[in-house]
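One structure is given here, and the rest of the page talks about it.
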Amino acid sequence: MSRKINGIGASNGVSIAKIFKIENVEIEIDSKKIEDSEKEINILNSAIEKSVEQIEKIKMVASKTLSEEELEVFDAHIQMAKDPEMLLEVENLIKNENYNAAYAVDKVSQQLTQMFASFDDPYMRERAADIKDVSSRIIKAILNIETTDLTTIDEEVIIVADDLTPSDTAQLNKNFVKGFLTNIGGRTSHSAIMARSLEIPAILGLTNITELVSNGDIVAMNGETGMAIINPDDQEIEKFQEEYNQFLNHKKELEKFLNKVSASKDGKKVKIASNIGSVADAEGASKFNADAIGLFRSEFLYMDAENWPSEQEQFESYKAVLEKMGNKQVVVRTLDIGGDKTLKYFKFPEEMNPFLGYRAIRLSLDKKETFVTQLRALIRASAYGNLAIMFPMIATIDEFKQARAIYDQVYNQLKEEGHQVSESIEVGMMVEIPAAAVLTEQFCKYADFVSIGTNDLMQYTMAADRMSEKVSYLYQPLNPSILKLIKMTIDGAHRAGKWAGMCGEMAGDINAIPLLLGMGLDEFSMSSTSILEAKKLISEINFKDAHQLVHQALKCENQEQVQEVLNSFWENK
């Protein structure tokens with residue numbers, strides 16, 4: 001008898017194949033003490049060396065199918081395995097507490113995993129999985145436990161596992177692996193990102209899929225809807241075959257938008273831009289022909305470093321992205337650190353609520369030397385492309401004017417020093433605090449543009465910490481109060497003759513796009529993989545209809561009513 005299950009659709013595609021289940025090997029790690037700490041440290045170092053060799057081998061295999069961008073995860077894993085700070089903590093447990101190497105690695109990795117898993121930022125949360133992957137590999141090497149070799153799969157299968165690490169995913173041959181299903185994971189995990197790149201369907205977060213199936217069972221899965229059927233009957237298989245054909249047709253349809261202008265059905269042009277966090281991410285923006293980079297999260301240059309990155313180090317990164325994008329605009333957000341994003345080389349003050357405290361532009365204005373270093377790097381790089389700069393978490397006009405004055409001072413100083421710099425750098429701001437949304441028109445006397453950060457705007461408007469499960473119901477992007485603040489921001493910018501973009505999660509939300517188009521949003525910045533879907537959707541909507549839709553939505557009392565208005569809008573298309 002067949003059984004339907006639902007999870008998180010993490011990589012589109014439809015597949016039917018038999019199951020290849022990866023059994024979890026229970027690693028028994030005891031806390032027995034050792035007598036010879038030097039011998040144990042030698043065992044640790046040998047295991048790290050072996051683990052690095054394994055990762056390098058996997059990277060070499062993966063280089064045949066993955067881009068440079070995706071391969072960077074293995075460089076990160078090698079760095080984690082050799083991380084001197086982590087190694088020092090492990091060695092201290094061996095030397096001072098006489099713990100065995102496996103227990104010491106496990107203890108340190110658990111502390112780091114818990115810390116990263118507690119972060120609000122999805123990117124940071126997913127780093128917890130990387131730490132688990134690397135530490136597990138080192139522990140297996142210490143205990144001489146062999147790891148599963150997925151490269152030996154030579155028949156069509158759908159993999160079922162508790163979780164798939166980036167190392168596992170990179171070994172998958174898409175000629176044989178037709179999909180994977182896991183108990184845990186989400187759309188932002190490395191395995192999900194790689195699955196999308198390899199075009200392998202994936203459904204994650206199924207909770208107990210490993211308990212429900214056995215090797216040899218047949219499963220039909222749809223990676224878009226997140227639905228799978230264990231041991232489907234003939235009628236269900238036929239339906240999935242139809243879905244597979246629809247998926248292939250949809251994929252071909254999306255490819256038509258690769259080189260099309262981003263515009264509504266009645267000719268309203270918009271920009272569909274990409275959010276990136278590193279130089280490597282610019283590859284994805286180019287692959288999907290993004291109109292611009294709407295958000296370059298510069299904080300990752302700081303978070304991946306061992307100390308404050310130098311002017312030259314930052315310059316090289318900004319220059320590389322600008323050159324990659326040619327004459328397309330690249331909007332770099334200055335250091336947005338604090339809250340859930342910390343630095344290993346800087347101690348933030350203890351605060352009752354760090355999200356409302358010393359972070360983002362507040363830190364930059366206080367640590368002026370750090371801010372000047374970043375601005376120097378950015379302005380020097382402007383000679384190599386079309387640069388725009390925006391300041392995060394601006395609350396008052398005085399804050400923006402202070403930041404802008406420092407920028408002007410640095411710009412003039414660099415020109416006096418004889419550096420080549422662009423004459424047309426736009427300087428704007430993030431709108432993520434309701435106070436800024438309300439005063440957008442006044443802000444735009446001084447700012448060249450605004451970009452709406454919906455994640456924080458929502459959090460601050462609803463007074464609801466996104467980390468708290470008890471108030472997660474208040475995460476409501478379609479709530480009329482949020483929509484009114486967004487419209488107020490866009491209208492305020494337009495009245496001042498400036499453009500308004502959005503780089504929060506909402507910009508790539510298929511549900512929200514018609515409303516944002518109707519409000520007159522100029523730039524939608526999103527994950528690169530969402531670009532073609534967004535272009536297609538916008539091409540099917542009349543701007544005039546979307547504009548009318550906004551009027552209806554803003555009369556609603558709650559998110560549910562807005563959703564009903566949207567449903568009616570689509571039904572009448």
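Read-outs: derived from the displayed coordinates by stated rules, not from any lab. Just so it is clear, the model here is predicted, and its values are computed rather than measured. Glycine gets a Cβ as well: all are built from the backbone with ideal geometry, and neighbour counts include every protein chain shown.
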Per-pair calculated FRET efficiency, R0 = 35 Å: His547 and Gln235 via Cβ, rounded to 0.05: 0.20
Can you give the helix-only mean residue ellipticity at 222 nm for the chain, where every DSSP H stretch with n ≥ 4 adds -39500 (n - 2.57) and the sum goes over all residues, rounded to the nearest 500 deg cm²/dmol? -14500 deg cm²/dmol
Could you work out how much longer the chain between Ser2 and Trp570 gets when fully extended? Use 0.36 nm per residue separation minus the Cα distance between them, nm to one decimal. 201.2 nm
So what's the Cα pair-distance distribution over the range 473-547, bin width 5 Å, in %? 3, 16, 27, 26, 19, 9, 1, 0
Pairwise FRET efficiency - Lys174 versus Glu211, Cβ, R0 = 22 Å, nearest 0.05: 0.25
Residues Val261 and Ser424, FRET efficiency given R0 of 30 Å [Cβ-Cβ distance, rounded to 0.05]: 0.85
Listed with the fewest Cβ neighbours within 10 Å leading, Val177, Val261 appear as Val261, Val177
Hand me the tally of lysine pairs in the range 237-276: alpha carbons under 20 angstrom apart, and the pair either on different chains or 8 or more positions apart. 11
Taking 0.36 nm per residue of separation and subtracting the Cα-Cα distance, what length does fully extending Glu540 through Lys57 add? 169.3 nm
Can you list the residues, at least 5 places off or on another chain, whose amide H is less than 5 Å from the amide H of Trp499, using H built in the peptide plane? Val450
Can you tell me the dipole magnitude for the range 32-112 around its Cα centre, using point charges on the Cβ only (Lys, Arg +1; Asp, Glu -1), in Debye to the nearest 20? 340
Tell me which residues come under 5 Å, amide H to amide H, from Gln329 once H is placed; ignore anything under 5 positions away on its chain. Ile293
Residue-count net charge about Met488 - beta-carbon cut-off 13 Å; Lys, Arg +1, Asp, Glu -1: +1
Under 8 Å for C-alpha pairs, at least 6 residues apart: give me the relative contact order for the range 271-571, rounded to a whole percent. 17
Need one number: nm distance between label points at Tyr345 and Ile218, each 7 Å from Cα along Cα→Cβ, rounded to one decimal. 5.8
Rh (Kirkwood; distinct C-alpha pairs) - the range 271-571, Å: 19.7
Would you list which lysines come within 16 Å of Lys107, measuring only between C-alpha atoms, while excluding same-chain residues fewer than 8 positions from it? Lys32, Lys33, Lys95, Lys132, Lys140
Relative contact order for the chain: what is it in percent, counting Cα pairs under 8 Å that are at least 6 residues apart? 14
State which helices in the chain qualify, where a helix is a whole DSSP H run, it must extend 30 Å or more along its own axis by its Cα atoms, and its mean Kyte-Doolittle hydropathy must be at least -1.0. 37-62, 122-142
Hey, can you grab everything whose amide H is under 5 Å from the amide H of Gly226? Only 5+ residues off in sequence or another chain; H modelled, so Pro and N-termini drop out. Gly9
HN-Hα J in Hz across the range 329-334 - Karplus 6.51, -1.76, 1.60, θ = phi - 60°, x for Gly and Pro: 5, 10, 9, 9, 8, 5
Ser46-Gln442 pseudo-label distance in nm [points 7 Å out on the Cα-to-Cβ vector]: 7.0
